[in-house]
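Notes follow the structure.
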Amino acid sequence: MSFEDSEGTPIAGDLADGSPAAAAGPELTTRPAPPPGASEEEYANHSYKVYPSGRRNVVEFDNTYKSFGRNQILRGLTMGIPEGMVSMILGPSGTGKSVCIKHMVGLLYPDSGDVRVQGESVPDMPDEQLFEMRKKFGLLFQDGALFSSMNLYDNVAFPLRQHTEKSEQEIEEIVMRRLTEVGLGYSRDKLPNELSGGMRKRAGFARALVLEPDILLFDEPDSGLDPVRTALLGELILEIHREMMEDAKAQKKPYLPTFAVVTHDIMSARRVADYINVLWRGRIVEAGPAQDMLNSDNPFIRQFLAGESQGPLTMD
Amino acid sequence: MDDLFAVPRGWLESFGEIVKFCARILGDIASLRVFKYFGEVLRQAGILIVSSTLVIWGLVFIIGLQCGIEGAYFDRSVGVPAYAGVFAAWCDLRELVPLCFGYMMAAKVGTGIVAEIGSMRISDEIDALEVMGISGVTFLCATRLLGSMLVLPFVYLCSIGAGFFASYLAVVQQIGDVSSGGYFLIFWQFQNPPDVLYSLIKAMAMAIVIVLVGCYYGYTATGGPVGVGTATAKSMVFNIVSVHVIGMLGTQLFWGANPRAPIGG
């Protein structure tokens, strides 16, 4: 495989633990039956093919089902997020991408099936363990989800004040470094309602970074942003990932930093993704390293990644 | 038949949900988990003092004036103007001060909690807290309840003072049918020290219910800004009814067997 990850290093042979066994992704050998109440035809374009990423999965969905009333969102989802990569979860609107993120951090639980983070089942965790597990995550919400009663500085400092014993001076150092990285060093005293949508997203990004999480999730970071700002945010994501990879390797952390970005913006995916999961009708159509996916001959993947109107995906 | 029971079943389900949620908050306080966020407890207590105390005292003061004036004129009309102190001793302490305290708590504090926590819910701020490994129930709800428990007994005791002072002003200084000494003779004769404690228990029961209900409706708000508005209105209805139910039960429990006025029959 000739594809390279966001660091510019080849993926194959760059395993976290160096073992070929760890490279195994959720490869499906037999074609799963369609979910209850659905026809085989509806899932005809789901090839369920998973191209190997060369990395172990830090997050795994195993035949996960989730409904809201009569709305079936996840319908037997089996998906992996490989370690140390910038992964994209792509799919048409309303297909369950944000629901996936909420399952990873235990904000939602599956009706059946399992979600595992670093090998541990999230639905089985007692509350205390769940709160501990969540400290491994950083999550950038669609609108940043900054606390409206606090200024930018206090928002970013909040996780440090709650979870560490650092002095105010150390906290200020970290917060200002992160705020400067996202280009908001000059806005530290502003309240969230004084910021533009893009600034709120960047501030949310800074807050998600301060605890140096193993896994960083982005829920539609490009929604509501103009194309230039979307591109700049994409670059920022790549740059921070690269930096965190270097730090993790230098510190020999047990898990390399993993980014998962939920989006339906194809341009972002092309620019940022190391690995792509394409989700439709609550299941993965195909998944694999970006290059493999961009060369896929699956008609749905081709239509979606090209953003064309002709193909299996219609307005229905 | 199913339709007939659907509405009461829905009410019971909601009530069960509220009880379960409240038990979680009380559990956070009883297990001392809330003390992890004691800074937030103090902040909430401070907010309560600064933003709600004066308005509670103001309402109680006005009701104290009303009670004094009406009591004085009624006693004058039946030929016992010297007994105007009875109204302050009974009506203020046992009924009106707790009720007015409950009304203002529901209107100012309860709705404020629903609106604040509800807005945080719909703007994903609570999810953000949870993802940071911080329990939203503990950080947002248990801290508010503990903050209220720390502050409100003192606020309420001062409210009683405000009500008594207002009644005294109206009866003795404004209407003047009875001397200050005569007023206080009757005023103290018709109450015992435990009455203050009972009154305090009634008011604290109201306050705790109001804060818990506010937290529940805020925390479970859905459906955008309209949903927060609906939740605020629902909490107000629930709280006003609760204030009266607690008021009635408290009176029956604490003073129902009083030989001077056997309210319980």
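Scanning region A:112-152 for residues that are more than 7 Å from chain B (Cβ to nearest Cβ), in contact with an Asp or Glu (Cβ under 6 Å, 6 or more places away or on another chain) and modelled with pLDDT of 90 or more turns up A:GLY113, A:ASP114, A:ARG116, A:SER121, A:ASN151.
For every residue, the table says whether it meets (1) among the β-branched types (Val, Ile, Thr); (2) assigned to a helix (DSSP H, G or I); (3) open to solvent by less than 70 Å² (accessible area, probe 1.4 Å).
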residue	(1), (2), (3)
A:VAL228	yes, yes, no
A:LEU238	no, yes, yes
A:MET244	no, yes, yes
A:VAL262	yes, no, yes
A:SER268	no, yes, yes
A:ILE301	yes, yes, yes
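B:ALA45 fulfils the conditions (1) open to solvent by less than 60 Å² (accessible area, probe 1.4 Å); (2) within 14 Å of chain A (Cβ to nearest Cβ) except for a single criterion, (2). Once region A:250-260 is narrowed to residues that are open to solvent by less than 80 Å² (accessible area, probe 1.4 Å) and more than 12 Å from the chain's Cα centre (by Cα), the residue that is modelled with the highest pLDDT is A:LEU256. Return yes when A:ASP292 is without any contact (Cβ under 8 Å) to a residue 40 or more places away in the chain and either open to solvent by 10 Å² or more (accessible area, probe 1.4 Å) or not in a helix (DSSP H, G or I) (or both) and no when it is not. It is false that A:ASP292 is without any contact (Cβ under 8 Å) to a residue 40 or more places away in the chain and either open to solvent by 10 Å² or more (accessible area, probe 1.4 Å) or not in a helix (DSSP H, G or I) (or both). Counting only helices (runs of 4 or more DSSP H) that fall entirely inside region B:148-265 and contain at least 1 residues that are without any contact (Cβ under 8 Å) to a residue 40 or more places away in the chain and closer than 22 Å to B:ILE18 by Cα, the qualifying elements are B:193-219, B:224-255. Which one is farthest from A:ASP219 (Cα to Cα), of the residues in region A:138-152 that are within 24 Å of the chain's Cα centre (by Cα) and surrounded by fewer than 24 Cβ atoms within 10 Å (Cβ to Cβ)? The extreme case among them is A:PHE147. Kindly evaluate A:GLY96 against the criterion of being farther than 23 Å from A:GLY204 by Cα, in contact with a strand residue (DSSP E or B) (Cβ under 6 Å, 6 or more places away or on another chain) and more than 10 Å from chain B (Cβ to nearest Cβ). Answer is no for this residue.
The rows are residues; the columns are (1) open to solvent by 10 Å² or more (accessible area, probe 1.4 Å); (2) not aliphatic (A, V, I, L, M).
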position: B:VAL78; (1), (2): yes, no
position: B:ASP92; (1), (2): no, yes
position: B:LEU96; (1), (2): yes, no
position: B:ALA106; (1), (2): no, no
position: B:VAL114; (1), (2): no, no
position: B:ILE126; (1), (2): no, no
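The values are calculated or read from the model by the stated rules, or taken from the named source; none is laboratory data. Bear in mind that the values here come from a model prediction, so they are computed numbers and not experimental data. Positions of Cβ are generated from backbone atoms using ideal geometry, with glycine treated the same way; all protein chains shown enter the neighbour counts. Calculation scope for accessible area: heavy atoms of the full protein, side chains included, ligands and nucleic acids excluded. Shrake-Rupley method; radii C 1.70, N 1.55, O 1.52, S 1.80 Å.
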